[in-house]
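One structure below.
The values are calculated or read from the model by the stated rules, or taken from the named source; none is laboratory data. Quick caveat, the model's predicted, so the values are computed rather than measured. A quick note on method: Cβ atoms are made from the backbone with ideal geometry, for glycine too, and the neighbour counts reach across all protein chains shown. Quick note on the areas: whole protein, heavy atoms, side chains included, nothing else; ligands and nucleic acids left out. Shrake-Rupley method; radii C 1.70, N 1.55, O 1.52, S 1.80 Å.
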Amino acid sequence: MKTVHDVVLRPIITEKSMAGIADRKYTFKVLKTANKIEIARAVEELFGVKVAKVNTMHVRGRFKRQGMHGGYTPSWKKAIVTLKEDSKGIEFFESMM
């Protein structure tokens, strides 16, 4: 059984994700096996907001070298959550602006 804390792993703080806050879009790193419905329910329960839609994407691991040895970083899943117009914002992201 997945809890909401298992589904949403951490927020993603980049220039592009912070620019999306004006359009009510928030970016999170989520569990690789989570679907859009589980992600929407988890964000609604964690932050007390209303979710309009969820876009997800798989991010490939990058090749990294350490001396003469190389390997790949782990792949992960990213979710861009769009909130409804009548919903309040997420305070964590709003405090960073």
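General observations
- Rounded to 5, percent antiparallel among DSSP beta bridges of the chain: 100 percent
- Compactness ratio for the chain: Cα radius of gyration over 2.2 N^0.38 Å (N = residue count) comes to 1.20.
- Efficiency of FRET from Cβ geometry, Gln66 and Val4, R₀ 41 Å, rounded to 0.05: 0.70
- The chain: calculated mean residue ellipticity at 222 nm from DSSP helix runs of at least 4, using -39500 (n - 2.57): -6000 deg cm²/dmol
- Lysines whose Cα lies under 28 Å from that of Lys50, excluding same-chain neighbours fewer than 8 positions away: Lys2, Lys16, Lys25, Lys29, Lys32, Lys36, Lys77, Lys78, Lys84, Lys88
- C-alpha long axis of helix 36-47 to longest principal axis of the chain, angle in °: 60 degrees
- When you count the other C-beta atoms within 10 angstrom of each residue and take the mean per peptide, 18-24, 48-54 line up highest first as 48-54, 18-24.
- Extended-chain gain in nm, criterion 0.36 nm per residue less alpha-carbon gap, Ile21 and Lys53: 10.1 nm
- Heavy-atom surface of the range 49-97, accessible at 1.4 Å and reported per residue (Å²): 76 Å²
- Surface share of carbon and sulfur [accessible, 1.4 angstrom probe, percent] for the chain: 54 percent
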